[in-house]
Structures are given as structure tokens and as C-alpha cells.
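Let me begin by presenting the structure, written as C-alpha cells, before commenting on it.
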Amino acid sequence: MNTTKSIIIYTAIALMTTSALASCDKAGLSAGNSDMIKFGANTVIINGDTKSGPITDGTLPDGTSFGVMGYCLSQAGPDNPTLNNTSGNIPWQQKKTLCTPTIFYDNEVTYIDGTFMYSPMKTWYEQPDFLYSFFAYYPKENFTVLSAQDDFGAPSVKFSIPFDGTTANDTTKVLDYDKVPDAMAAQEIDITKGSGIVTLNFMHLMSGLNFQVNNYNAAEDENGNLAAGKPVTIHSLKLRGKFYKSVNIYFDNRYDYPDEVFYGTYELLGDSDDDDVTVEALTSYERIGDKTLLLVSNLNKTGIEDGYLGDLKLVIEYTFGEPGNAGRKIQHISRPDNFQPSGGTIYTAQLNFIGDAFVLNFIVDNDSRWEDGGDSEITFG
């Protein structure tokens, strides 16, 4: 992510809510009670259908909620809270310096049985040329609103991964992958009641990471022809260390990362022999552990100790050849310096075995592509 870029938070799920806007007696305006704002849902396929892990079927999991901010009229002046009814048709960029969230402030909108619901319901103003702007964040329970209700301009929010109470430098705690949500944010600027619906295009905030094993081992048969070589068995695969916990989103085109971290271990494969994965020669095993890890990526961190995803090590225990305890190897792999994971991108970490050594290569996952990303490789053995 580039701190000079606007907070376009990457490829989207299209989503629409059921919301409406309040009247404002101070501005001398009326609200048409029959003009409730209508919202629906449009879908973009990504990957997965639960609250944890990437959302990929284009709709939110049933019972989950996003928060929303809504703006329309500006104040009469910096110290005059009276709403200015002549500002209704002024574009957001011109009125935002005196605009506060009088329509919605951290309101909760919940997806239930195919419908987006909130209470109390609100309505549009009667004036058809009034321009409204909305800002949303999902899931609401993992966001904290940083801007006050009387602050001017676009709101600011903070997303946090819900891991508290970890001990510094203690990576023995196994982290529950299912507690990490697919954090997203959205904004819709300068829409009118005539649009009929409010479409919120939710953009992903986090980096996704899958793991894949490719066994490229080949041999020659007795006739000198190419044949399959030895299998590789993965006994355990873990990502452990210090992870970034949160990110502040400023919808006026910037973001930053609080000095907040957590420690522990994500287990893609645990220590049980029942979890072993054997990959025959000249074959691949995709998405080990059937998990996509969702991580906060901080591209401001370039030091030796603080990598883009934290101070992490990939720990792999494997056997080259026939499965069994004989010949087991354990590798502790630090993150490659040239891997720069962007938010909104799913990557696949490929463990490419050639003999009993392997190359670790990070590529963009084209099957679940949120946005273009880079690749890098580093060899171990």
C-alpha cells in the first residue's frame, strides 16, 4: 500500500444496504415519509462464505453487520451548528469541511435472511437534487470509530484483529484462525434519492496467504525415460512470531498503523501424524490446511526485525522420500525481504521441492485475485 495514494482499499465485494435518511427541522426541511431508501445486493465472486476467511460469494454471512456514516447537509459555519439547507445539492468535496454525519453516525446495519436491516428506519429528504455520501466498514464489531459525531469531513475508523492479552515474544500460543474477519471498507459519494439504491462497494483491507506444496522430483526409469521421483511428506506447517494487529482508516485518503501487535502461532498443519500431507512426485497439494490466513500488511515497515507482515518465521517439518520418522527435517524460514504483500491481495506461498531442498515463492493467487500483486522467491535446503 502507498501512503500517498487515496484509500482505495482494493478489489471489491458489491453490497447494498437498507437505509434511509432523517429529516432536519433545524434546516427548515421536510422528509418524505414515503421515500424510504431502498437497498439490495449485487455480487462479485471472491472465495469462502464464513465470517472468518475471505468472503467470496458476494454476500455477507447471515447475522453479521457493518457500520455506516451518512452525510448530506453542511453546517452554517464552523461555530454555527444550524444546518444549511442551501448546501444539499453541493458536491461532497466542496461542503465536507463543514459537514458532519447527521444522517448516520456509526449505525449498525445487519444482514438477515437476505435483507439488510437497521433501526430506526429513516427517509430521504424530499429535495431530489440533494447529494448524500456514505462510508461503511465491516465487520462493525471489529472497528472503533475514531472521529466524533461533531467532527467535520470524512470519518476515520480503526480495525483491530481480536487477539488481546498475548505475551511479548511468546509465540507458544496457538492463534484461532476463525477469529480473524475479512475486514472491508466502502464509500459512496454524491448520490441522490433518484438513484433508487445505495451501492456500497466493499474493498478488502487485509492480505490473504495460502500455502501450496509442489513436488517437482523426477527420476529416470530403467529405460532412461522420465519417471516420478520420491514423495514429500509435510508433517507440520506453522507461521509464528509478531503480527500487526490494527490499521487506522481515514476516508479522506490516508491511513496509518498503530503500534499494536500480538504474538503467537498459526497452525496450518498441527503436530498430529493424522494431519500429515504426502505429496507424490510430479504432483501438487493446494491450500494446505484448507485455510487462507488473513494478515495486516504494513508496507511502511522495511527493517530487519519488522517485516511487512510482522517479525515472522515459517516453520516446516517434512520428510523427503518414504513417509516416516527417519530423515525428518525442520526448517525455520524468515520472511523474504523482497516479498511486499499488498492489502486486498491473496497470495500463495509455494513450497517447490526439488530433491530434498525447496524454493519458497510467493505469487498472486489468480483463482482468488483481489488485486495485482508481486512475486518473489528464496531458496532453502
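Rounded to the nearest 0.05, what FRET efficiency is calculated for Asp190 and Ser119 with R0 set to 41 Å and r the Cβ-Cβ distance?
0.95
Quick check: at a probe of 1.4 Å, how many percent of the accessible area of segment 190-269 sits on carbon and sulfur atoms?
The C+S portion of the solvent-accessible surface of segment 190-269 is 43 percent.
At 1.4 Å probe size, with the rest of the protein present, what percent of the exposed accessible area of segment 53-132 is carbon and sulfur atoms?
On segment 53-132, the fraction of accessible area on carbon and sulfur atoms equals 49 percent.
Please list, ordered by chain and number, the residues whose modelled amide H lies under 5 Å from the amide H of Ser74; skip anything fewer than 5 residues away on the same chain.
Result for Ser74 returns Asn84, Ser87.
What is the calculated FRET efficiency for Asp271 to Lys179, with r their C-beta to C-beta distance and R₀ = 22 Å, to the nearest 0.05?
Rounded to the nearest 0.05, the efficiency is 0.55.
Quickly rank 179-186, 132-139, 265-272, 162-169 as a protection proxy: mean count of other C-beta atoms within 10 Å, highest first.
132-139, 179-186, 265-272, 162-169
Could you give the length gained on full extension between Asp256 and Ala227, defined as 0.36 nm per residue of separation minus the Cα-Cα distance, in nm?
5.2 nm is the gain from fully extending Asp256 to Ala227.
Could you give the dipole magnitude of segment 213-358 about its Cα centre, charging the beta-carbon of Lys and Arg +1 and that of Asp and Glu -1, in debye to the nearest 20?
Charge dipole, segment 213-358, about its Cα centre: 520 debye, nearest 20.
Give the peptides 220-227, 73-80 in descending order of average Cβ contacts within 10 Å, highest first.
Descending packing order for the listed peptides: 73-80, 220-227.
Can you work out the accessible area per residue across segment 55-185, with the rest of the protein chains kept in place, probe 1.4 Å, in square angstrom?
42 Å²
Leaving out ligands and nucleic acids, and using a 1.4 Å probe, what accessible area per residue does segment 194-337 come to in Å²?
For segment 194-337, the solvent-accessible area averages 44 Å² per residue.
Which residues' amide hydrogens lie under 5 Å from the amide hydrogen of Ser342, considering only partners 5 or more residues apart or on another chain, with H built in the peptide plane?
Sorted by chain and number, the residues that satisfy this are Gly374.
Given the peptides 313-321, 82-90, arrange them by the average over their residues of other C-beta atoms within 10 Å, most packed first.
313-321, 82-90
Amide H neighbours of Asn107 under 5 Å, at least 5 residues apart or on other chains, H built in the peptide plane: list them.
Val68
The values are calculated or read from the model by the stated rules, or taken from the named source; none is laboratory data. As the structure is a computational prediction, the values presented were derived from the model and not from experiment. Every residue, glycine among them, receives a Cβ derived from its backbone with ideal geometry; neighbour counts consider all protein chains shown. What goes into the accessible areas is simple: the full protein's heavy atoms, side chains included, and nothing from ligands, DNA or RNA. Shrake-Rupley method; radii C 1.70, N 1.55, O 1.52, S 1.80 Å.
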